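Before any comments, here is the structure.
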Amino acid sequence: GMDRREMSFKIAQEISLGRFGVMEKEAAADQAIRTALAIMTEGVTIAPIKGIPESKIKQNPDKTQFLSVYFAGPIRPAGGTAQALTLVIADVVRRALNLDKWQPRDDSINRFIEEVRVYELNVRRFQYHVSDEDLELALKALPVEPTGVSTDPYEASNYRDVPGIETNRVRGGALIVVVDGVVGRS
């Protein structure tokens, strides 16, 4: 009697809690997010496989652990609502795994904002224009880190070598999820 969205959240929680087999936290988080996204998109997009290369458990500055979801360019076919809901599903997983909220550092937020502007200038415009203030507000409110692999040859020039960000190149998938998915849909 559940619709697709309800089913996505329920399955994500059940996988995280080990109801389909016990896994390490990082593997459980990755499987739960991918499975839930596949259900939400009815298995007709490549987003759950190619759009999320991995999910990791990282450490906050205060030594607590948080969930980080890596996005790639192919997350685009999921659509803005599914993109945004991926982070909501990841939050359900984070809670089920008893992980703390992501505590973004100022340099991580500034780096993300710089990447958005580099992407807009060199790659393409987003569906919505989002101010730096709105991006900062959204990033500080997200309980799960949206990050990603480099998708384009353009690099950040001001905020390079930021701890916790593995590349200096633009992470297009994460940018699209936050700008067009999270902020755009809000």
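The values are calculated or read from the model by the stated rules, or taken from the named source; none is laboratory data. Just so it is clear, the model here is predicted, and its values are computed rather than measured. Cβ placement follows ideal geometry from the backbone for every residue including glycine, while neighbour counts extend to all protein chains displayed. With ligands, DNA and RNA removed, areas are computed over all heavy atoms of the protein, side chains included. Shrake-Rupley method; radii C 1.70, N 1.55, O 1.52, S 1.80 Å.
For this structure, a couple of remarks:
- Helix axis angle, 132-141 relative to the chain longest principal axis, alpha carbon, degrees: 30 degrees
- Whole-percent carbon and sulfur share, accessible surface of the stretch 29-186, 1.4 Å: 49 percent
- All other residues whose Cβ lies under 12 angstrom from that of Arg4 are scored, Lys and Arg at +1 and Asp and Glu at -1, for a net of -1.
- Looking at the chain, the accessible area is 48 square angstrom per residue; that uses a 1.4 Å probe and ignores ligands, DNA and RNA.
- With each label modelled as a point 7 angstrom along the Cα→C-beta vector, the Val123-Leu17 pair spans 3.7 nm.
- For Lys10, the aspartates and glutamates whose Cα falls under 20 Å of its own Cα, not counting residues fewer than eight places away in the same chain, are Glu24, Glu26, Asp30, Glu42, Asp91.
- Build a GNM of the chain with springs between Cα atoms under 10 Å apart, and of Gly173, Gly21, Gly73 the one that fluctuates most is Gly21.
- Of Gly164, Ser150, Gly51, farthest towards positive along the dipole that unit charges on Lys, Arg, Asp, Glu beta carbons give the stretch 35-186: Gly51
- Within the stretch 10-74, the chymotrypsin sites (Phe, Trp or Tyr not before Pro) that combine a DSSP coil assignment with at most 16 other C-beta atoms in a 10 angstrom radius are Phe20.
- Identified option (computed Rg/Rh (Cα atoms, Kirkwood Rh); candidates (1) 0.95; (2) 1.56; (3) 0.93): (1)
- Unsatisfied cross-links (Cα-Cα over 18 Å) in the set Lys63/Lys101; Lys25/Lys50; Lys58/Lys101; Lys101/Lys140: Lys25/Lys50
- Over the stretch 84-177, the ratio between the Cα radius of gyration and 2.2 N^0.38 Å evaluates to 1.07.
- At an R0 of 41 angstrom, the distance between the Cβ atoms of Thr167 and Arg95 translates into a FRET efficiency of 0.90.
- To the nearest ten degrees, helix 80-96 and the longest principal axis of the Cα atoms of the chain are 60 degrees apart.
- The stretch 1-38 versus the stretch 126-157: alpha-carbon centroid distance in Å: 26 Å
- Approximate spin-label separation Glu42-Arg5, in nm, with each point projected 7 Å along Cα-to-Cβ: 1.6 nm
- Gained length - Glu136 relative to Arg185, 0.36 nm times residue gap less alpha-carbon distance: 16.0 nm
- Helical runs (DSSP H, four residues minimum) scored at -39500 (n - 2.57) apiece and divided by the length of the chain put the mean residue ellipticity at 222 nm at -13500 deg cm²/dmol.
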